Amino acid sequence: MKLIIDDANVEAIKALYEYYPVDGVTTNPSILAKSGRNPYDVLGEIRGIIGPDAELHVQVISKDAEGMIKEAQVIREKLGEKTYIKIPTTREGLKAMKALKKNGINVTATAIYTAQQAFLAGKAGADYAAPYINRIDNLGANGIATAKKIHDIFRLNNLPTSVLAASFKNSQQVLELAEYGVGAATVSADVIEGLLKNEVVSSAVDAFIADFEGLVGEGMTMADC
Ligand code: G3P
């Protein structure tokens with residue numbers, strides 16, 4: 001499962017890239033709005049941090065297919081070919097997805113709340129389909145079960161699309177989808193940190209250090225003795 005950062009905070013992305021095995025960055029208009037800066041300034045900096053070959057997902061704003069396609073061209077010109085154009089999975093969105101895929105442009109079908117939407121995005125040739133786990137839960141349905149069902153539909157129908165699960169509350173949800181073989185998850189910095197944050201881990205590491213320092217002296221490491 002690819003692990004993608006769902007954030008436009010340049011400092012947070014830099015730190016996560018330095019320490020964690022992450023595979024790219026996703027953004028959406030609300031995430032970009034939080035930066036309070038010109039979207040292309042922020043996205044350009046993110047592209048600079050992650051490099052030209054990493055996945056960067058950027059969403060269009062237009063509600064009509066023609067507008068979406070025009071935005072896709074500008075986004076790609078400015079941010080490179082490894083940029084995935086996030087298209088909301090609406091009727092107009094499906095039209096745009098088909099046209100973009102005909103031209104070999106990477107597409108992420110987004111704003112997915114139902115398996116029905118995801119099935120259509122898969123048929124339209126999207127590379128990824130992004131079900132919103134937490135938001136589906138809040139509607140009284142089951143986000144994790146929906147993501148699993150979409151994964152199964154794609155595989156059983158030989159569709160070219162992977163699930164890019166989004167909108168997570170916690171790291172356990174991410175792990176549950178990893179266990180199921182879901183293609184990718186996009187998660188906030190907090191949830192990524194949550195995969196590792198565990199008192200038992202830090203106390204085990206502290207105990208190893210204390211034992212070693214008892215043997216060779218305080219502050220000593222394997223590089224010093
Ligand atoms: O990019 C869409 C998705 O990640 C939204 O997450 O937390 O706003 O529901 P959230």
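Selection of the stretch 126-135 for residues being within 19 Å of Ile87 (Cβ to Cβ), within 14 Å of the ligand (Cβ to nearest atom) and of a type outside the set (Phe, Trp, Tyr) yields Ala129, Ala130, Pro131, Arg135. Only residues that are under 18 Å from Ala166 (Cβ atoms), exposed (fewer than 15 other Cβ atoms within 10 Å of the Cβ) and not aliphatic (A, V, I, L, M) were counted across the stretch 27-64, and they come to 3.
The set of residues in the stretch 126-146 being assigned to a loop (DSSP other than H, G, I, E, B) and either modelled with pLDDT under 95 or open to solvent by 20 Å² or more (accessible area, probe 1.4 Å) (or both) consists of Asp127, Leu139, Gly140, Ala141, Asn142. Tyr84 meets each of the listed conditions (1) aromatic (Phe, Trp, Tyr); (2) out of contact with any Pro (no Cβ under 9 Å at 6 or more places or on another chain); (3) open to solvent by less than 70 Å² (accessible area, probe 1.4 Å); (4) part of a helix (DSSP H, G or I) apart from (4).
Out of the residues in the stretch 157-167 that are out of contact with any Phe, Trp or Tyr (no Cβ under 6 Å at 6 or more places or on another chain) and open to solvent by 30 Å² or more (accessible area, probe 1.4 Å), state the one that is nearest to the ligand (Cβ to nearest atom).
The qualifying residue nearest to the ligand (Cβ to nearest atom) is Pro160.
Going by what's in this entry, would Lys149 be described as open to solvent by 20 Å² or more (accessible area, probe 1.4 Å), of a type in the set (Lys, Arg), farther than 21 Å from Val58 by Cβ and more than 16 Å from the ligand (Cβ to nearest atom)? Yes, satisfied.
The values are calculated or read from the model by the stated rules, or taken from the named source; none is laboratory data. This is a predicted model, so every value here is computed, not measured. Counting neighbours? That spans all protein chains shown, and the Cβs are built from the backbone with ideal geometry, glycine included. Ligands, DNA and RNA are stripped out before the accessible areas are found, and what is left, the full protein with its side chains, is counted by its heavy atoms. Shrake-Rupley method; radii C 1.70, N 1.55, O 1.52, S 1.80 Å.
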